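The block underneath contains the structure these notes are about, expressed in structure tokens.
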Amino acid sequence: MGLQRSCSPRLANNLTLVGIILLASFQASAAPVFGYKIVARYPHSTQSYTEGFLYLNGLFYEGTGVEGHSALLATEPKTGQTVQALRLPPQYFGEGIVDWGSNIYEWTWKSHVCFVYDLFSLRLVKQFSYSGEGWGMTRTAKELITSDGTATLRFRNPATFQETRHIVVHDGKDIVDQLNELEFIHGEIYANVWHSERIARISQRDGHVIAWIDLTGILPLDQRINNESVLNGIAYDAQHDRLFVTGKQWPTIFEIKLVGPIAAK
């Protein structure tokens, strides 16, 4: 007669609870990693120190940085031809941009000034002030979302530029900081991480990293001007479901499709 092993209902419940906790812990720390496939290439000026990037009405809009060289540009994708350009005063280091209604916003790195322009004429409409540094910008249907080089993303009222709430970005237990250029795609926040070849896909609800996009090798190092010619620029064409990426002074804008997931982090 064989021996039968059993456990009490309480012990069984406890073991089940431990299993659920361990599974949740694993899932929280194992954001999947996607690769990429290049679909098309578009010209990009190596004079453009990309800090803000978006696609709107058939054009690429770009906010560029460096004092004395900062600008807001609209370019034709196939040719790279600039169709509109506004140069910032030389004391400003231009940063992220976002469209809102009939306007386009561009804020600055350390000057605490956000310029609001008429989208069609690029005429200055108004400006806002804020505390801290300005890095990336994007938007939902109701709010602006901004980064400042930390792990914190701030949601702002478009009418006042005042913060309404914020989230701290994390992958499992690890804080993800140096968040830079942003885009909002299918309810997720896509964020460049400064000096990283990865894009984080972030939950707008609680800041956890849903997935990573690994763009290692998309632009060979010998095609980059210097060590600061890093990946920084995400744009999305919602009408045709096209995703674009570029970088600071890169010669190319890449249209990509995601592949995978290829691994867990």
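The values are calculated or read from the model by the stated rules, or taken from the named source; none is laboratory data. Because the structure is predicted, anything quoted here is derived from the model rather than measured. Cβ atoms come from the backbone with ideal geometry, glycine included; neighbour counts cover every protein chain shown.
Number of residues in region 233-247 that are at positive phi and touching a residue at least 24 places away in the same chain (Cβ under 8 Å) equals 1.
Applying the condition of being aliphatic (A, V, I, L, M) and outside any strand (DSSP E or B) to region 97-124 and asking which residue is surrounded by the most Cβ atoms within 10 Å (Cβ to Cβ) yields LEU119.
Elements of the type strands (runs of 3 or more DSSP E) sitting completely within region 141-200 and holding at least 2 residues that are in contact (Cβ under 8 Å) with a residue 60 or more places away in the chain, buried (at least 18 other Cβ atoms within 10 Å of the Cβ) and of a type outside the set (Val, Ile, Thr): these cover 179-185.
Here is a yes/no grid of residues against (1) within 14 Å of the chain's Cα centre (by Cα); (2) at pLDDT 95 or above; (3) under 28 Å from PRO89 (Cβ atoms):
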| site | (1), (2), (3) |
| --- | --- |
| LEU122 | no, yes, yes |
| TYR130 | no, yes, yes |
| GLU133 | no, yes, yes |
| SER147 | yes, yes, yes |
| PRO158 | no, yes, yes |
| ILE189 | yes, yes, no |
| TRP194 | yes, yes, yes |
| GLU197 | yes, yes, no |
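May I ask you to verify whether GLN127 is within 26 Å of THR82 (Cβ to Cβ) and either surrounded by fewer than 23 Cβ atoms within 10 Å (Cβ to Cβ) or not hydrophobic (A, V, I, L, M, F, W, C) (or both)? Can you show your working first?
Values: within 26 Å of THR82 (Cβ to Cβ): yes; either surrounded by fewer than 23 Cβ atoms within 10 Å (Cβ to Cβ) or not hydrophobic (A, V, I, L, M, F, W, C) (or both): yes.
Spelling it out, GLN127 is indeed within 26 Å of THR82 (Cβ to Cβ) and either surrounded by fewer than 23 Cβ atoms within 10 Å (Cβ to Cβ) or not hydrophobic (A, V, I, L, M, F, W, C) (or both).
Screening SER131 against (1) among the polar types (S, T, N, Q); (2) touching an Asp or Glu at 6+ places or on another chain (Cβ under 8 Å); (3) more than 25 Å from HIS44 (Cβ to Cβ) leaves a single unmet condition, (2). Scanning region 43-84 for residues that are farther than 17 Å from SER229 by Cβ, among the β-branched types (Val, Ile, Thr) and buried (at least 22 other Cβ atoms within 10 Å of the Cβ) turns up just one, THR75.
Restricted to region 130-140, and to residues there that are in contact (Cβ under 8 Å) with a residue 24 or more places away in the chain and of a type in the set (S, T, N, Q), the residue that is farthest from GLU181 (Cα to Cα) is THR140.
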